[in-house]
Every structure is written in structure tokens, then in C-alpha cells.
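The values are calculated or read from the model by the stated rules, or taken from the named source; none is laboratory data. These numbers come from a predicted model, not from an experiment. A quick note on method: Cβ atoms are made from the backbone with ideal geometry, for glycine too, and the neighbour counts reach across all protein chains shown. The accessibility values were calculated without ligands, DNA or RNA, using every heavy atom of the protein model including side chains. Shrake-Rupley method; radii C 1.70, N 1.55, O 1.52, S 1.80 Å.
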Amino acid sequence: METGFRHVGQAGLELLTSARMGTRKKVHAFVRVKPTDDFAHEMIRYGDDKRSIDIHLKKDIRRGVVNNQQTDWSFKLDGVLHDASQDLVYETVAKDVVSQALDGYNGTIMCYGQTGAGKTYTMMGATENYKHRGILPRALQQVFRMIEERPTHAITVRISYLEIYNESLFDLLSTLPYVGPSVTPMTIVENPQGVFVKGLSVHLTSQEEDAFSLLFEGETNRIIASHTMNKNSSRSHCIFTIYLEAHSRTLSEEKYITSKINLVDLAGSERLGKSGSEGQVLKEATYINKSLSFLEQAIIALGDQKRDHIPFRQCKLTHALKDSLGGNCNMVLVTNIYGEAAQLEETLSSLRFASRMKLVTTEPAINEKYDAERMVKNLEKELALLKQELAIHDSLTNRTFVTYDPMDEIQIAEINSQVRRYLEGTLDEIDIISLRQIKEVFSQFRVVLSQQEQEVESTLRRKYTLIDRNDLVAISAIQKAGLVDVDGHLVGEPEGQNFGLGVAPFSTKPGKKAKPKKTFKEPLSSLARKEGASSPVNGKDLDYVSTSKTQLVPSSKDGDVKDMLSRDRETSSIEPLPSDSPKEELRPIRPDTPPSKPVAFEEFKNEQGSEINRIFKENKSILNERRKRASETTQHINAIKREIDVTKEALNFQKSLREKQDRKHHRLLGFPSLNHNPVPGQLP
């Protein structure tokens, strides 16, 4: 027993390829009519080619004289099976699908129809008579019979049985004693290889009897119930899957094929108003009709070429059949219908579903994989054969000393020695033996070049003091010492067999000795004595000096130049120059020490940040001017307010004075005071 998730685990070890992509083809749709004594010959007619079926419905006279009701329908299918035996049904519907599955093509056979129309009988058959067995047991027989006819291949068969009941997943083979209960609920998962049910048990079968035992075990676990249309009605959708894997018995063949056959027995649809279902049967019918409705929506979307999204995830049934519906699969639909007039509306609905299914196209392709273990063995064998052929070729061309094995440390050391002698000139050429040796020679060239660069750098560091060109203080001190000119070039002084690095100043004339400053005469002469005739600087050193980002300054034995630099820095720290002086100096400990933050900020403002500094100063001046204007405006407003206050006080004073004069005038004339309130009933 294995789990359905096994294929996901193999994805890292196997390469999935499509060797021969098939052309797109339509889904095959067949109609099987349930035999009945009360067949509606006037309403259901078959075409002469047995590929079409016509439905005629009498008009309802209760709708009146003006009646636009449609009364005729015609459906073109791949075949109409009327009064057909189980043998004929299998030969017509399933035989080619099963045969192509052994060649690497996936296949799906689905039975759809109304409750009691004969879906389970078509798929499973009847157990009372061997001749009445259905598509599923006949498919198992054909698979094992074809395996026996292919002795050149080792074909393994695995089986799983899934039930979808009320939108829940159940494993019909979980009751086997060696399976055990599932800890986690089953879920439908997708991966690049297709759609699988996680937690569904997959059982390896090597004989036909074992496969039938698993089939009968699953059938006993199916959920059935008594129904008005069928006393043993299936109340769930069931998917019986046969997994095939064919390996060639030739050990050199690393390619193998895989395929699967989905045999789907759908639960029957029903009209709840007509069937009169109640209780649990009503609940089951609701789930069945809902899932079949989602299935039809997915079929309609697949048939529409303009649709980009297919609603596979609306229910468990469509999600589980995602790679079967319109995918890499040979798809066949068997629609079971009634031949009675009482079920004509349900028959029309089933035929519409079949006609919509015919619009769906699939693209079957062979599922080829490669066995990683066999591939590695084949590559190792091919490598050994190629080495033998090379050995034969080398012996014929007198090159028996050539080897094609990886080089060891002794051979690599020998190649390194040859490269060094070639660079020194003691070896005229390096003999080419093999491509592996050429690659190693180039690798050793890179190693030697890297080592020489490190030696040159260490030599320069021993002979010279490296000064950063961006260190303005150190460069200023060196210019004061006369070791470099104003352009930053080194200035040297010839003495005996020695020579100096750099460019001589313009004041130096041929044949005359330049007059260096007295302060630095001793360091320069000591430098010349240190570098004598025994230690000339080669051309590579000169190139290194010219391309370096640092300034090279000759070092003396007494370290006078370094002392001078430190003294100069200390002097600059004691007596600082004005901020606008171009010769402002810092106080670092070493010549290559970066300047302090204030000095670096001033240098930034004068050089890279000059534009920013200019804009900042302009904005600052504008801000100061606006502040000044705001202050003047505020003072002017305050002055006006003071004048307003004085004027207001004067007005109030005049008003009070005028009121006093009015009261006095009234008293003289004998009029009552404005503030006197007479007593009611008295005359003034």
C-alpha cells in the first residue's frame, strides 16, 4: 500500500517530459438509453447513422393559441446505444481508451445521467451474471491481458478508490486491515505532474484477482439508499483510478512511461419536486445536484474558447477531475437517459449536458519520464567506452603517455614550475599534451600573476611611504619638503649610480645639480644611499607607481620625512590658518590619517559642496532679509495699533464729556434727567 502523495516525492528524482504531443481532439460523448416497455417512440427518434437523437415534445394547449414553446430538439453525438449489450458498450466506449493507456496516454470514462437511468449498471454491471459485468471490471481484465502480451516491459499496476459524499472525501479501501485509519483528513493537491488526493491509499496489484478483490472491497463500502427511482441508488460520486507504469526490461533504456485511467461513476441528478425526497435523502440530493451543477459550469467554461478562468475549485468533484476535464487525457462521456415520456424533461437536460461536453477539447500526450539511476549508469558506461576509444586513438598516433584522469598535486606542481621557467626565459615553450593540461597551464598562469602582484605591492610598501592623494595635508607637507612638485609628481635627485623617482623641477638643468632645501638634503641623500645600485626599481614598479591611487614618497632610514610630516601637522594644529586660507592644515597622527570633521567639512564646502554651500548661503541671506522685513512690518503694525488705542481713548473722553454737558443743559431747562425713572401714576 502506498499513499497518493508518492508521485510528489518522486518529482525530485524524475524528469517529466512530453515526447510526442498529440493533436487537440474533441471529447467523445455517447448516449445509452435504458430499456423499457413503455418507450416513447413518438417523442424520441434515432438517426439512421446511430449518431443523432431527435426529441419531439407536444405543445401545451393550456398556454393558448399564441404559443412559442420549442417542441423539437436534435442532438448529434458520437453514438447512440439503444438496446446495446454490455460487450457492445465496452467495445464502443472504453476499449480504445484502455489500450492507449498502456502506451502512455491518460484516460477518463465518465457515466452521467438521471437517478435510476443505468449509470452504475453501465460502469459496474450486475453481479448475478458474468456477461453483465460493466466497463470497470472489463477494463481491469483488458489491462492485465495486455500486460501479458508485452513481455518486453515490466508494467506495474496500482489502484485507488475515492468517494465524494456530501462534499467530503472518503477512501473506500481504508477498511483493509493493513491500511489503518487516516490521521489527517484527505485533501486535493496540485503539482506539476497533475492533481492528486493527499491521504488516499494507492495499492499495488500484480494479479487480476487482487485487483478484483480491491474493487469488491470498495463496492461494499459505497453509500447507497432506497429511492423512488431506484431501490439501490448511489448517493455519492466514485472515482476508481488505475495507475500504470511501464519500464523496459532492457537495462540500457532509462525512459519509461506512466499513465492513469479514471473510471467515474457520478451520482444521479433528480428533480426534488418530482421525486419527493425527504430527510437524509433530500440532503444528499441537494449536494448531488449542487456538484453536478458546478460540473456543468466547468464544462460550459471549457467549451468557451474565450474564457480564461475555469471554475474547477467550486466543488471537490471538479477539482479532483481537473486534469481529466480538458487536459492531457482521452475523455469519454456516457450519458444514460430514460426512454419514457414521463422523464422527457430530465432526458433533455442530460442530452444538453452531453452536447456541451462535445465542445470541450483535450490534448492527449504520452507521459514519458526518465529513470535517474539508469541514466547515471548509462552515462558512466558511455564515459568508459569513450575513454577506451581515446586510448585506442592515442596508441595509434604514438601518444601513449596521454592520460585523461584528473591531475594530481605532483602534476599540478610540475606545470607551475614550467610556467615560472617560461616567464623567466629559461624555458622556450611548453609542450601541449591534452586539453586538460592546457586548462591547467592557464590556471597556473593566473596563480603566478597573482603572486607577482602581491610581491610587487609588498616591495613598494617596504621602500615607500604610501600617501593618499586625497590627503591634502600630507601632500602639502611633502611639497614643502620638496619631494613633489605642485602637480603632485615625485621629484628625485641623481646621486652616483642611483636615480630618483618622479619629474625634476623646471629649475633643474642638465649638467647642473639642483639645489634642494637645506632642511631636506639629508633625508634625500639617505634615501639615495638606501636604494643603491643593488636595488634598482624595475619597469613594473614604475607602472605600478603611475597607476596607483596613492602618492609614493621615498622613505629614509632615519624616518626624517615622517618626523617632518608629524611636526608639520603639529605646527598646523598650534597655529591654525584662517578658514579662507587654501593652505589650511589638519592634525593627524600619520600622513595617511583622514582630516578632522571640521576641516573635512570646510574642504567639502570649498570643493565638492561649493554649489550646495552657495545655495545654502543664498537661502540664508533670503531668510535673513525676510526676517528683517517681518520685524519691520511687526513694528509698523504695533505703531498703528498704538495710534488706534490713543484715538479710541480720545473718542471715549469726548463722548463722556458730551454726555455731561447734555445732562447739565437738561437740568437748566427743567427737563427730567435721562436717568430718572418716574413713578407710575405720577406726572412729571
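Would you pull out the residues with amide H under 5 Å of ALA29's amide H, same chain only if 5 or more places away, H placed 1.01 Å from N?
Amide H neighbours of ALA29, under 5 Å, 5+ apart: ASP78, LEU333.
According to the square roots a ≥ b ≥ c of the eigenvalues of the Cα gyration tensor, what is the shape class of the range 359-465, taking rounded for a/c under 1.5, prolate for a/b larger than b/c otherwise, and oblate for the remainder?
oblate
Roughly speaking, what is the stretch gain from HIS132 to THR220, that is 0.36 nm per residue apart minus the C-alpha to C-alpha distance, in nm to one decimal?
That works out to 29.8 nm of additional length.
If you plug each phi of the range 248-265 into the Karplus form 6.51 cos²θ - 1.76 cosθ + 1.60 with θ = phi - 60°, what whole-Hz ³J(HN,Hα) values come out, in order, with x for Gly and Pro?
Couplings: 6, 6, 6, 5, 7, 8, 8, 8, 9, 10, 10, 7, 8, 10, 9, 10, 10, 10 Hz.
On a C-alpha basis, how far is the centre of the range 386-436 from the centre of the range 610-627 in Å? Whole number, if you could?
74
Charges at C-beta only: +1 for Lys and Arg, -1 for Asp and Glu. How large is the resulting dipole of the range 274-400 about its Cα centre, in Debye rounded to 20?
240
Would you kindly derive the ³J(HN,Hα) couplings of the range 327-344 from the backbone phi angles with the Karplus curve 6.51 cos²θ - 1.76 cosθ + 1.60 (θ = phi - 60°), listing them in order in whole Hz, with x for Gly and Pro?
x, 7, 6, 8, 10, 10, 10, 10, 9, 9, 10, 8, x, 9, 5, 5, 10, 5
Amide H of ARG133: which non-local residues (sequence gap of 5 or more, or other chain) have their own amide H closer than 5 Å, using H built in the peptide plane?
ALA126
Using a 1.4 Å probe, how large is the accessible area of PHE601, given in Å² and rounded to the nearest 10?
Answer for PHE601: close to 110 Å² accessible.
Can you pull the accessible area of LEU657 for me, 1.4 Å probe, Å² to the nearest 10?
70
What ranking of LEU651, LEU263 comes out by heavy-atom accessible area, probe 1.4 Å, highest first?
Ranked list, largest accessible area first: LEU651, LEU263.
May I ask you to rank VAL157, VAL646 by accessible area, largest first, using a 1.4 Å probe over the protein chains only?
Output order, biggest surface exposure first: VAL646, VAL157.
Could you sort HIS203, HIS56, HIS393 by their accessible area in this structure, using a 1.4 Å probe and putting the largest first?
Largest accessible area first, the list is HIS393, HIS56, HIS203.
Using θ = phi - 60° and the Karplus form 6.51 cos²θ - 1.76 cosθ + 1.60, what ³J(HN,Hα) does each residue of the range 313-318 get, whole Hz, x for Gly and Pro?
Ordered by residue, 3J(HN,Hα) equals 8, 6, 8, 5, 5, 5 Hz.
Using the Cα centre of the range 218-376 as origin and beta-carbon charges of +1 (Lys, Arg) and -1 (Asp, Glu), tell me which of THR347, ALA320, LEU302 is placed farthest towards the positive end of the dipole.
The listed residue farthest towards the positive side: THR347.
If you take every residue apart from THR361 with its C-beta less than 11 Å away from the C-beta of THR361, what net charge results, scoring Lys and Arg +1 and Asp and Glu -1?
Around THR361, the charge tally is +3.
So what does TYR165 come to for accessible area, using a 1.4 Å probe and Å² rounded to 10?
Solvent-accessible area, nearest 10 Å²: 30 Å².
Could you list which residues have their amide H under 5 Å from that of SER596, counting only those 5 or more apart in sequence or on another chain, with H placed in the peptide plane?
ARG587
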